[in-house]
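The values are calculated or read from the model by the stated rules, or taken from the named source; none is laboratory data. These numbers come from a predicted model, not from an experiment. Backbone-built Cβ (ideal geometry, glycine too); neighbour counts: all protein chains shown.
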Amino acid sequence: MKLTLAALATTMMVASPALADLIVPNMSYRTGPYAANGIPYADGFADYFTLLNERDGGIGGQLVQVPECETAYNTEKGVECYESLRTQNPLVLNPLSTGITYQLIPRISQDGIPLYTPGYGRTSAKDGSVFEWVFNAPANYWDGASVAVKHILDQEGGDLSGKKIALVYHNSAYGKEPIRTLQELSEKHGFELVELPVDAPGQEQKSQWLQIRREQPDYVIMYAWGVMNQVAIQEAVNIRFPMDKFIGIWWSGSENDVRAAGAGAEGYKALTFHGVGRDYPLYEDLQTHVYDKGLAAGAGDQAGSVLYSRGAYAALVIAEAIAKAQELAGTPEITPAQMRDGFEALDITAERMAELGLPDFGAPIALSCDNHGGDGLARVQQWNAAEGTWSLITDFIEPDAEILDPLIKEDSAAYAAEAGLTARCN
Amino acid sequence: MIYREAGDFKTSYRDDSQTFPIRLDRWGYYAIMAVAFGIIPFVINDYWANAVLVPFLIYAIAALGLNVLTGYAGQVSLGTGGFMAVGAYAVYKLMTSFPDVSIVIHILLAGGITAGVGVLFGLPSLRIKGFYLAVATLAAQFFLVWLFNKVPWFYNYSASGQITSPTRTVFDQAVTGPAATAPAKYLICLVFAFALAWLARNLTRGSLGRKWMAIRDMDIAAEIIGVNPLRAKLSAFAVSSFFIGIAGALLFAVYLGAAEVGEAFGINKSFLVLFMIIIGGLGSIFGSFAGAAFLVLLPVLLKNFLVGNMGWPTDLAAHIELMIVGALIVTFLIVEPHGLARLWRLAKDKLRLWPFPH
C-alpha cells in the first residue's frame, strides 16, 4: 500500500506538462462498448491538430499539444481524466460524452476552463448568459429533434396530424434529452409520440422492436450511441421496418453503425451537421502533411468516415477559436479565460470554411456572449449500402426556434436557480 | 524480531480484548490514523483527492457494508449497486428538499433509508439462501435502477434524468458541489470511513456479529443454540445497507457531483464491490480496505505508469491494464483464496517468528 502510493507519487511527478504550448486534450474512448464510435472521432480530432502543427507550425506560431486520456465513456474515469488533464492547464475540453459533460459543467465553471461539446452535452448550455464556460455550437440535441421532425413534415407534405412517431433512445442523459422537445413538437403538429428506452449499452433491444412492430409507427427517430446503433439498425432490418422512415440523430449515422446490417440498411437516414466523404481540399493537405509522414493517429484507417470528419470539425472550430482568442488578446500564449472570449467572438463564415479547405462542409458559426450554440442547422444524409457511402439528401434545415428557445430559457433558468447564478451578458 | 507478542503483558480483561492486542499493531494503527487525519489533509491536491483517495474511501465503505452481509452473515448479495443508488437518490432528495439541514445528517438519513430498503429486500433471505438469494438481490438491483430511471420525482423532473449535487457545507467548508476543496472532500469521506469501520469492527466483535457468524457457519445449528434467524439476517441486511447507502450518498454527492442511475449504479458496481470483498477477504475489516485499494488504486496507478511514464497509446494501456488487473486477481485467488486479508495475517504470523522460525 505504501509502496503503491510512493510509486504512484513518482509516476505523477514525471508526467508534468511542457509549458507554453497550447494544450487541447483529447478525452477519447478507444475501448469499451462505445469504442467503434470513439476511435474515428479521436483520430480526426488529433489528426487535424497534427496537420496544423506540421503545415502551419501550430496556431499563431504556438504548437498545439493534444494529450490523450481514455475515458471509456465512463464517468468515474472521466473524473480521473479531468483531474489529471487539469494539471496541464488545458485551453478547452471536449469529452464526447453527455454524462461526463453534465458532470464537468459545475467543475469547469468553477475552475474556469471552457468546455466545447459540439452536437452533444447539455442543450441549454446554448444560453451563454447562464453557461459562461460551455459551448455547444453548431447544433444540439433539441435542434436535432426539431430538424428530424421538420424533415418528416417535409416528407408528409406538411401535415403530421394522426401520425405516430416512435423515439428509440439510449436510456441515459443523452437519450432523454430530446424527449421534452419532441413532446412539445407532438403537441404542435398533432402527432403521437411513443417513447422506447433502451438500457445501456444497448445490445438487447428485441422487446423494443417487437413493440415497434406492434404499434406500427409511421417514423422512428433514434438517439443511440456505440453498439446500440448497430443492434437497432439490424433489428429494424429484421422486422422489415422501412429504412427511409428511420431517422437517427447525428450520433447514429456513421459507417460503423450501418455496415453490419449489410444491404438491409439501404436507405437509412441520419442527421448530420457537416458534410460527408473525403471530397474536400482539406484531405489533400492531411494526406501530404499527416498520412504520408506516418503521423496519423490510431491505426490511420478512419480518414473520411463520418465521425472522423466530425472529430476534425470539432478540432477546426477549436483551432479557429484559439486563433480568434490570440487575435483578441494580442498574444499567442492565451489563457483559458481568453479562450472563452475567443469562442464568444467566433465567426466562421462560409468563405472561411472554403479557405480552410472545407467548402460547404458546415454551416456558418457565429457565436456571441449569450448565444453559445450557433444556429443549430443540420441536414439529412442517407446510406447507400451498395456503394458504402452516405449521401446528403437535403440542404441545411433550420430548427424550430419557436419551440426551442422557450425550452432552453426554462432549462437554463432552472440551472441558474439551482447553482445560484445571475445572468451575464447584459 | 521486531514484531512480536512476547513482553506485551496485559493486566486487565479490557486490555486483553482490545481491537489491536499487539503493541506494534496498535502503534501502526495510530500512526496511520495520524497520517490520515494530521498530514494528508494539508498536502492533498485535487488529483489525489478526486482520482485516488476519495473513491478509495467511498468504495471501502461500500465494501465494509457488503462484507457485513456476505462476509460475516453469509448472505450473498448482488444488489449493492441498487442500494448505493438508493443512498444517492435519498441524499439528493434530502439535499434539495431541506437545504438548510446539514449534509452530514442527510448522509446519515440516506443510510437509514437505504437500511429500510435493504431490510425489505432482505426478507426473501428468510426463505432462500445461496445462489437463490443472489438472484433475489439481483432483482433488487434491476428494480431499483429501473425505478430511479422511471419515476421523475426522484430526479426532480430534470430534462435529462441526471441528478446534480448542489453545494453544501460542513463548518462553512464546501464539501459537495464544484466549490469543494480537495481536503474538505477527503476529510468528510475519511471521517465517515473511520467511524463506520470502527462501528463495523465493534459490531462484528459483539453479540450481533457472533450471531451473524453463527448464521453464516450453519444456520440450523445457530437456530438451535438460540439465534433468531429473522433478527440476525435482517439486522445484517440493515447494517450492510446502511453502510452501502452512505457509500452511495458520498459517491454521488462528494465524488461524482452528478450521476445517472444506469451508468453510475448499474450491475457493474455490484460486481465491483463483490470483487473487492472477495479479493480483500471475506469477513475482514482490513480486507474491505485492501480490496477497495486493490481495485481502485491499481488501475489508476497502471494508467499513470503506462501512459504517463512509458508513453504508451491510451487504448493499448487501457487494454493491458484490464489484462494485468484480471491476471492479478486470478493469481491472488489461486495463491490465497481467502484474499489479501489472509495474506496479511500469514505475513504477520511469519513475522512473529522471524528470524527464528522454529
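Of note:
- In segment B:72-91, residue nearest to B:Tyr255 (Cα to Cα) [restricted to those that are in contact with a Ser or Thr (Cβ under 7 Å, 6 or more places away or on another chain) and assigned to a helix (DSSP H, G or I)]: B:Gly87
- Applying the set (1) within 14 Å of chain B (Cβ to nearest Cβ); (2) surrounded by fewer than 24 Cβ atoms within 10 Å (Cβ to Cβ); (3) in contact with a helix residue (DSSP H, G or I) (Cβ under 9 Å, 6 or more places away or on another chain) to A:Gln62 leaves exactly one unmet item: (1).
- Failed condition for A:Tyr308, given (1) buried (at least 17 other Cβ atoms within 10 Å of the Cβ); (2) within 18 Å of A:Ile365 (Cβ to Cβ); (3) of a type outside the set (Lys, Arg): (2)
- The residue of segment A:369-426 that is surrounded by the fewest Cβ atoms within 10 Å (Cβ to Cβ), among those that are in contact (Cβ under 8 Å) with a residue 12 or more places away in the chain, touching a helix residue (DSSP H, G or I) at 6+ places or on another chain (Cβ under 8 Å) and β-branched (Val, Ile, Thr), is A:Thr394.
- Positions within segment A:86-130 being among the basic types (Lys, Arg) and under 19 Å from A:Ile408 (Cα atoms), in sequence order: A:Arg122, A:Lys126
- Condition met for A:Thr87 (under 18 Å from the mean Cα position of the chain (by Cα) and either at the interface with chain B (Cβ under 9 Å from one of its Cβ atoms) or under 22 Å from A:Leu407 (Cα atoms) (or both)): no
- Each residue in segment B:40-89 was checked for being of a type outside the set (A, V, I, L, M), under 18 Å from B:Ile285 (Cα atoms) and in contact with a Gly (Cβ under 6 Å, 6 or more places away or on another chain), and 2 of them qualify.
- Contact map, segment A:217-235: first residue among the polar types (S, T, N, Q), second residue surrounded by fewer than 24 Cβ atoms within 10 Å (Cβ to Cβ), Cβ cut-off under 6 Å, separation 6 or more or different chains; pairs are A:Gln230/A:Ala260; A:Gln234/A:Ala261.
- Residues within segment B:267-316 that are over 12 Å from the mean Cα position of the chain (by Cα), small (Gly, Ala, Ser) and buried (at least 22 other Cβ atoms within 10 Å of the Cβ), tallied: 2
- From B:Ala214, B:Ala179, residue being surrounded by 14 or more Cβ atoms within 10 Å (Cβ to Cβ), more than 20 Å from the chain's Cα centre (by Cα) and within 14 Å of another protein chain (Cβ to nearest Cβ): B:Ala179
Residue by residue, here is whether (1) more than 23 Å from A:Gly144 (Cβ to Cβ); (2) polar (S, T, N, Q); (3) in contact with a Gly (Cβ under 9 Å, 6 or more places away or on another chain) holds:
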residue: A:Thr272; (1), (2), (3): no, yes, yes
residue: A:Gly277; (1), (2), (3): no, no, yes
residue: A:Asp285; (1), (2), (3): yes, no, yes
residue: A:Gly300; (1), (2), (3): yes, no, yes
residue: A:Ala303; (1), (2), (3): yes, no, yes
residue: A:Tyr308; (1), (2), (3): no, no, yes
residue: A:Gln326; (1), (2), (3): yes, yes, yes
residue: A:Thr335; (1), (2), (3): yes, yes, yes
residue: A:Leu358; (1), (2), (3): no, no, yes
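- Counting only helices (runs of 4 or more DSSP H) that sit completely within segment A:155-232, those holding 3 or more residues that are under 24 Å from A:Asp400 (Cβ atoms) and modelled with pLDDT of 90 or more correspond to A:179-189.
- Test: residue in segment A:339-358 that is crowded, with 17+ Cβ neighbours inside 10 Å, among the acidic types (Asp, Glu) and in a helix (DSSP H, G or I): yes
- Single condition B:Phe42 does not satisfy, out of (1) surrounded by 10 or more Cβ atoms within 10 Å (Cβ to Cβ); (2) touching a residue at least 40 places away in the same chain (Cβ under 8 Å); (3) over 26 Å from B:Pro357 (Cα atoms): (1)
- A:Gln110 surrounded by fewer than 21 Cβ atoms within 10 Å (Cβ to Cβ), assigned to a helix (DSSP H, G or I) and modelled with pLDDT under 90: yes
- Verdict on A:Pro33 being closer than 16 Å to A:Ala323 by Cα and assigned to a loop (DSSP other than H, G, I, E, B): no
Each row is one residue, and each column tells you yes or no for (1) within 24 Å of the chain's Cα centre (by Cα); (2) within 30 Å of A:Pro242 (Cα to Cα); (3) not in a loop (DSSP other than H, G, I, E, B).
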residue	(1), (2), (3)
A:Ala263	no, yes, yes
A:Ala270	yes, yes, yes
A:Asp279	yes, yes, no
A:Tyr283	yes, no, yes
A:Leu286	yes, no, yes
A:Ala296	yes, no, no
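- For A:Asp301, the requirement of being outside any loop (DSSP other than H, G, I, E, B) and either among the charged types (D, E, K, R) or surrounded by fewer than 19 Cβ atoms within 10 Å (Cβ to Cβ) (or both) is not met.
- Every residue from segment A:364-379 that is in contact with a strand residue (DSSP E or B) (Cβ under 9 Å, 6 or more places away or on another chain), farther than 19 Å from A:Val276 by Cβ and assigned to a loop (DSSP other than H, G, I, E, B): A:Leu367, A:Asp370, A:His372, A:Gly373, A:Gly374, A:Asp375
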